[in-house]
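*Asks:* First, the structure itself, so that you have it in front of you.
The values are calculated or read from the model by the stated rules, or taken from the named source; none is laboratory data. Because the structure is predicted, anything quoted here is derived from the model rather than measured. Neighbour counts are summed over all protein chains in view; Cβ atoms, including those assigned to glycine, are modelled from backbone coordinates with ideal geometry.
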Amino acid sequence: MGTTMMAIAEVRCADSWALVDQPVFPYPSDGKLDASPFAWKGYGMYGLFAGIRNRSQSAVLTKARGVPEDISKAAAEKIIGGYPFEDFGTWGAPLNLSLVEQVEEAAGSREEYGFTWLTAKELLTFDYDASFLDLAEAPPREKTYREFLGADYFTHLDVLRVLGHPEGVRVIVWFNE
């Protein structure tokens, strides 16, 4: 089965974050638009984003940061799967949890892990023309991150670039086996 990465994007609006819920990211297989960035299986991307399945031994942009403390309610609901927050808890008893705690509780029950987030600035300022020795290749082969990640990755970076100021756009990712 393998590992699957889920991802959502948020943009900063004044003093809070807002979920990107419009289909603006082209899906690689058919070009149709989706609201989720990086919505394809790519272990190179998983390794770069969070060190997950990093058999290539590429650079890792961030260790797991967890769910952002200031996550928007819409993003939390999207991660949870649309369940109303007041229905959480054992035997239907409501829980007085923060949004982050509610996301973590729901994710834990589905064996999801590795929550982290990256700003568009972090993604856009990485040196994709740098090369590294891809240890997942047999024999290991030197390649650039641009070659390693492929054209679809950069199409999604271009979308992130136009959503707002790079420090005010972020991608939240998490994984499931």
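*Asks:* For region 45-66: of the residues being within 13 Å of the chain's Cα centre (by Cα) and at positive phi, which is surrounded by the most Cβ atoms within 10 Å (Cβ to Cβ)? Talk me through it step by step, then tell me what you get.
*Replies:* Residues of region 45-66 within 13 Å of the chain's Cα centre (by Cα): 45-52, 61-66.
Going one step further and asking which of them are at positive phi, we end up with 51, 66.
Details: Gly51: 18, Gly66: 15.
Step by step, filter region 45-66, then rank; the result is Gly51.
*Asks:* Give the number of residues within region 20-52 that are in a helix (DSSP H, G or I) and small (Gly, Ala, Ser).
*Replies:* Filtering region 20-52 for residues in a helix (DSSP H, G or I) gives 43-50.
Filter once more, keeping what is small (Gly, Ala, Ser): 44, 47, 50.
Of the residues in that region, 3 qualify.
*Asks:* Just for region 102-130: of the residues that are modelled with pLDDT under 95 and exposed (fewer than 14 other Cβ atoms within 10 Å of the Cβ), which one is farthest from the chain's Cα centre (by Cα)?
*Replies:* Among those that are modelled with pLDDT under 95 and exposed (fewer than 14 other Cβ atoms within 10 Å of the Cβ), it is Ser109.
*Asks:* Please determine whether any residue of region 134-147 is touching a helix residue (DSSP H, G or I) at 6+ places or on another chain (Cβ under 6 Å) and modelled with pLDDT of 95 or more.
*Replies:* no
*Asks:* Given the criterion surrounded by 13 or more Cβ atoms within 10 Å (Cβ to Cβ) and within 22 Å of Lys78 (Cα to Cα), identify the matching residue among Leu149, Leu135, Leu163. Walk me through it before giving the result.
*Replies:* Values: Leu149 fails: within 22 Å of Lys78 (Cα to Cα); Leu135 fails: within 22 Å of Lys78 (Cα to Cα).
Going through Leu149, Leu135, Leu163 in turn, the sole match is Leu163.
*Asks:* From Glu69, Glu77, which residue is within 16 Å of the chain's Cα centre (by Cα) and loosely packed, with under 14 Cβ neighbours inside 10 Å? Walk me through it before giving the result.
*Replies:* Numbers: Glu77 fails: loosely packed, with under 14 Cβ neighbours inside 10 Å.
Criteria check complete, one pass: Glu69.
*Asks:* Which of (1) closer than 30 Å to Ser131 by Cα; (2) at pLDDT below 90 does Pro26 not meet, given it meets every other one?
*Replies:* Here Pro26 meets the rest and fails (2).
*Asks:* Do any residues in region 27-40 that are within 17 Å of Trp117 (Cβ to Cβ) have Cβ atoms under 6 Å from those of residues that are among the small types (Gly, Ala, Ser) and not in a loop (DSSP other than H, G, I, E, B), where the two are at least six apart or on different chains, and which pairs are they?
*Replies:* These pairs meet every condition: Ser36/Ala7; Pro37/Ala7; Pro37/Ala9; Phe38/Ala7.
*Asks:* Now a separate question. Condition test on Gly42, is it among the small types (Gly, Ala, Ser), more than 20 Å from Asp158 (Cα to Cα) and surrounded by 15 or more Cβ atoms within 10 Å (Cβ to Cβ)? Walk me through it before giving the result.
*Replies:* On the way: among the small types (Gly, Ala, Ser): yes; more than 20 Å from Asp158 (Cα to Cα): no; surrounded by 15 or more Cβ atoms within 10 Å (Cβ to Cβ): yes.
Taking the combined requirement at face value, the residue does not satisfy it.
*Asks:* Under 16 Å from Ile172 (Cα atoms) and in contact with a Phe, Trp or Tyr (Cβ under 7 Å, 6 or more places away or on another chain), is that true of Ile52?
*Replies:* Details: under 16 Å from Ile172 (Cα atoms): yes; in contact with a Phe, Trp or Tyr (Cβ under 7 Å, 6 or more places away or on another chain): yes.
In short, yes.
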